[in-house]
1. Below 8 Å, C-alpha to C-alpha, sequence gap of six or more: please give me the relative contact order for segment B:157-243 in percent.
2. Leaving out same-chain residues fewer than 8 places away, which lysines sit with a Cα under 22 Å from that of A:LYS150?
3. Mind checking A:145-155 for the average number of partner chain beta-carbons within 10 Å of each residue's beta-carbon?
4. Under 5 Å between amide H atoms, partner at least 5 residues away or on a different chain: which partners does B:ASN216 have, H built in plane at 1.01 Å?
5. Hey, can you list the DSSP H helices of chain B whose Cα span along the axis is 30 Å or longer and whose average Kyte-Doolittle score is at least -1.0?
6. Of the listed peptides B:106-116, A:143-153, what is their order by residue-averaged count of other C-beta atoms within 10 Å, with the highest listed first?
7. What order, most packed first, do the peptides A:169-182, A:62-75 have when packing is the mean number of other Cβ atoms within 10 Å of each residue?
8. Could you order peptides B:171-184, B:120-133 by the average number of other Cβ atoms within 10 Å of their residues, highest first?
Amino acid sequence: MRLLKLIPAVLAYALLQVTLRRDDADLVRRLKAHEPKAMADLYKRCGRLAYTVILRIVRNTAVAEDLTQETFLRIWNRVGSFDAERGALTPWVVTVARNRAIDHVRSQDGRMEASAVDLDRLERPGLFVDLDANALSIDRARRLKSALEKLNANQRTVIELAYYEGMSQTEMAERLNQPLGTVKTWTRSALQILRSELIEAAIA
Amino acid sequence: MSCQELQDLYELYALGVLEGEEKTEIDQHLGRGCENCRRGLADARAFNAVLLSIGPAEVPNRRLRHRLLASIGYERPGWFWTGMLAASLMLALALWMGTQERERSNQLADARQTLLQVTGERDRLNQALRFLSDPDTQPASFGKGQQAPPRGYVFMHPQLGVMLIASNLPAAGAGKTYEMWMIPKVGAPRPAGLFQSDGMRGLYILNGPLDLAALNAVAVTLEPEAGSAAPTTTPIIVAPTGS
């Protein structure tokens, strides 16, 4: 499974760094003013991360490059309604990147019609405000990485299908030839394990 | 459903993979301005971003940055160096083409010089043929009976002038030249032009009308390179005109 291969690997999260840094606000203001240098700075900060997320989903470098470009142009065109003071820029970029890749994979699989979810609606700039800065610390990312190792094969599979293939639980059940209830149980338990690891980290 | 029941679904909702009644429930909570769900979804978005970011980092090709910045009309500083490189290449190309052009020019000049020499030779031969073919030409020989002196002929024509053909005529040497003299029956020898030998043969033509009746002989002496107004050495060729 791809997720298994990811676990021992280097943390791309290091690229995420401290996502809610104070200089986000300044960068957002410059992006809003459509300063070209701001785009260069945004790409410097998030380019590798967005490309990594996209490539992991589409598994084609040429397509990943196209979608990364599309991601940054989308940010460029929609940053006007982003909250410079309360917004979390990097999670927004990561979400847009992932959604562009999922949208591509879905269209390749002919799943556009089947998907009842409007990805576009889920990446509106206004949704990425008041994110907990602590939740995005590098330490907690390490914890999350080690928590992935605690998942069993079924739990890892459903997490992978949801995050990297954009499958609904119904689609997972069909793919895995399992009852929908079973898939829901695997998904719920997997997320609980991952989440609890972060809660423990927060308490510690 | 309560917020407590929905909290395990926030991540899937934020990913856009939740469906059916569960999705509708969260939509309704958000529609009612449910702060718990809004807060929970904000945390879920942060959680998802972190989870998606875990893994080996990939490095995109540098062209992606160029493409992206070019698409918004931003000419990054790197283009300066690209421009400099292009300018350097153009300069090198121009220098190379200049060298080629100079080489071609030199070759062309050499070809022109060769053509002039060939044309000159041709003209001299034409003149020689005119001397030899004209019935009014009078020949005179020189050097006959000597061991290894220059030998040859002088052809005289009242309108064409004098043509001298000599064999066994050594090269004049550095700073020296051969000078032909018209030696009249009365008076001092008159300079009649300078010429060189290729080491074996010498051919010299003096154009212009000639008073054959007043001429006693044609002579050649070895003189300084610039020539002399009067002979300074003993003649090595003396061709009596016999008239």
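1. Numbers: 199 pairs, mean separation 30.0, N = 87.
Taking the mean separation of contacting Cα pairs over the length of segment B:157-243, I get 34 percent.
2. The reachable lysines, counting only those whose Cα sits under 22 Å from A:LYS150, are A:LYS5, A:LYS184.
3. Details: counts 5, 0, 1, 3, 0, 0, 0, 0, 0, 0, 0.
Going residue by residue through A:145-155 and averaging, the value is 1.
4. Amide H neighbours of B:ASN216: B:ILE183, B:LYS185.
5. Length and hydropathy pass: B:78-133.
6. Numbers: B:106-116: 10.0, A:143-153: 16.3.
So the peptides B:106-116, A:143-153, ranked by packing, come out A:143-153, B:106-116.
7. Working: A:169-182: 15.4, A:62-75: 20.6.
Descending packing order for the listed peptides: A:62-75, A:169-182.
8. Values: B:171-184: 17.6, B:120-133: 12.6.
Peptide ranking by packing, descending: B:171-184, B:120-133.
No lab work stands behind these numbers, since they all come straight from the coordinates. Given the structure is predicted, the values throughout are model-derived calculations rather than measurements. Heads up, the Cβs are rebuilt from the backbone with ideal geometry, glycines too, and the neighbour counts pull from every protein chain shown.
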